[in-house]
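Trainee: One structure follows; several queries about it will come next.
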Amino acid sequence: MSTEPGYKSGFACFVGRPNAGKSTLTNALVGSKVVITSSKPQTTRTVVRGIVHRDDAQLVLVDTPGLHRPRTLLGERLNDLVRTTWSEVDVVAVCFPANEKPGPGDRFIVNELAKVRKSIKFAIATKTDLVTSEQLGRHLLAIAELGRETGTEWAQIVPVSAKSGDQVQLLADLLVEQLPEGPQLYPDGDLSDAPEEAIVAELIREASLEGVRDELPHSIAVVVEEMGLKEDRPADKPLLYIHANLYVERDSQKGIIIGHKGARLREVGTAARQQIEAILGTPVYLDLRVKIAKDWQRDPKQLRKLGF
């Protein structure tokens, strides 16, 4: 654990509309997959911390759900989680995808952020690989203008592409500059402080989101019911047994997830197992079941049971 003079440590948080590139950017800065990414908006539900280890600093990245106008009790709880996080970190960085004009959703977020006084505020133009330099120039001016109109002072406006890696290192340097001096917060080698069960549940949910209809992303929850090494195995051939339930809200959704004769669920299991094995470094036996928790997003008792 480093406590060298001049060593810095602290927290930064990425916020933005759903699908603004926050999770991809977190993974690019950490250099490993710690948060799930999906082409479907609203995939992040839990605050996952990615940890960037440097010789001069430790930067802990907090990934929050996209702030949005809530339609359900789950939506309200996710928004509360975002606001609490903003007030507790050193830097809040708002992500504006370069291939989309800042719109009412961005204005809503920046207005909400303006109410948080003590955090330093960055604006990040994400996905710069998708636009020309001329389009990017207009986008950066629009971000600066939105800051002026909402009374938000941007400490930095930084264009980055998590996909190509362009300016990711510069962003890390600028974030570290804003951190207070302090000791290392997590041991060397730790990439996230999320428990393994939470990471496994998120990876299963990511796999189940791929290629399903647009109405499903909000309706899938995953609970890892059992996870442990099988006892009857030789030490040099460990096998991690994971039993997880996928919860959906309606019968019709259960059919979509399972697919014809169970084909889709088998695909989900294979994709999730490969990701879990890559991250945990152990062969996995994954036992998935699909269950119905009727209208769980609106039911306080069900939300508690599913961990929200």
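Trainee: Segment 234-276: D in µm²/s via Stokes-Einstein (Kirkwood Rh, Cα pairs, 25 °C, 0.890 mPa s)?
Mentor: In µm²/s, the coefficient is 201.
Trainee: Fully extended, how many nm does the chain gain between residue 266 and residue 107 (0.36 nm per residue separation, minus their Cα-Cα distance)? Don't jump to the answer; show the numbers that get you there.
Mentor: Working: separation 159, 0.36 × 159 = 57.24 nm, distance 4.20 nm.
Between residue 266 and residue 107, full extension yields 53.0 nm more.
Trainee: Mind telling me which of 113, 170, 29 comes out most flexible in a GNM of the chain, alpha-carbon contacts under 10 Å?
Mentor: 170
Trainee: Quick one: what are the phi-derived ³J(HN,Hα) couplings along segment 241-246, Karplus 6.51/-1.76/1.60 with θ = phi - 60°, whole Hz, x for glycine and proline?
Mentor: 8, 10, 10, 10, 9, 9
Trainee: OK, next. Take the chain, connect every pair of alpha-carbon atoms lying under 10 Å apart with a spring to form a Gaussian network, then pick out the residue of 26, 85, 282 with the largest mean-square fluctuation.
Mentor: Looking only at 26, 85, 282, the largest GNM fluctuation is found for 282.
Trainee: For the chain, set up a GNM with springs between Cα atoms under 10 Å and report which of 166, 106, 251 has the largest fluctuation.
Mentor: 251
Trainee: Note the count of lysine pairs whose C-alpha atoms are less than 18 angstrom apart in segment 196-305, limited to pairs 8 or more residues apart or on different chains.
Mentor: Step by step, the pairs that qualify in segment 196-305 add up to 6.
Trainee: Provide 122, 96 in ascending order of the number of other Cβ atoms located within 10 Å of each residue's Cβ, fewest first.
Mentor: Lowest count first: 122, 96.
Trainee: Shifting gears a bit: Taking just the C-alpha trace of segment 74-176, give me its Rg and Dmax in Å.
Mentor: Expressed in Å, the Cα Rg and Dmax of segment 74-176 come to 13.8, 40.
Trainee: Continuing with the same structure: Before anything else, pin down the relative contact order of the chain: Cα pairs under 8 Å, at least 6 apart, normalised by residue count, whole percent.
Mentor: Answer for the chain is 19 percent.
Trainee: Less than 29 Å apart at the alpha-carbon level, and either on another chain or at least 8 residues along: which lysines does that give for residue 101?
Mentor: 22, 33, 40, 115, 118, 121, 127, 163
Trainee: Report, in degrees rounded to the nearest 10, the 0 to 90 angle that the Cα long axis of helix 263-280 makes with the longest principal axis of the chain.
Mentor: 60
Trainee: Pick out, from 201, 260, 57, the residue whose Cα sits farthest towards the positive end of the charge dipole of the chain, with +1 on the Cβ of Lys and Arg and -1 on the Cβ of Asp and Glu.
Mentor: Comparing the listed Cα positions along the dipole, 260 ranks first.
Trainee: Right, something else. Which value, in debye to the nearest 20, gives the size of the charge dipole of segment 196-305 about its Cα centre, when Lys and Arg are +1 and Asp and Glu are -1 at the Cβ? Walk me through the numbers on the way to the answer.
Mentor: On the way: 18 positive and 19 negative charges, 89 e Å.
My answer is approximately 420 debye.
Trainee: If you don't mind, there's one more thing I want to ask. Taking the number of other C-beta atoms within 10 Å as the exposure measure, put 164, 219, 119 in order starting with the fewest.
Mentor: Lowest count first: 164, 219, 119.
Trainee: Nothing charged except the Cβ atoms of Lys and Arg (+1) and of Asp and Glu (-1): what's the magnitude of the dipole of the chain about its Cα centre? Round to the nearest 20 debye.
Mentor: Numbers: 40 positive and 42 negative charges, 280 e Å.
Around 1340 debye, computed over the chain.
Trainee: In nm, to one decimal, how far is the residue 152 label point from the residue 241 one, both placed 7 Å along Cα→Cβ?
Mentor: For residue 152 paired with residue 241, the spin-label model returns 5.0 nm.
Trainee: Now for a separate question. If you line up the long axis of helix 133-150 against the longest principal axis of the chain, both from Cα atoms, how many degrees apart are they, to the nearest 10?
Mentor: With rounding to tens, the tilt is 80 degrees.
Trainee: Another question, then. In Å and on Cα atoms, what radius of gyration and Dmax does segment 196-305 show?
Mentor: 14.5, 47
Trainee: On a 0 to 90 degree scale, rounded to 10, what angle separates helix 196-209 from the longest Cα axis of the chain?
Mentor: 90
Trainee: Restricting to Cα atoms and excluding each atom paired with itself, what does the Kirkwood estimate give for the chain in Å?
Mentor: Roughly 20.6 Å, rounded to one decimal.
Each reported figure results from applying straightforward, stated rules to the coordinates on display, with no laboratory input. Here the structure is a predicted model, which means the values were calculated and not measured. FYI the Cβ positions are ideal-geometry reconstructions off the backbone, even for glycines, and counts take in every protein chain you see.
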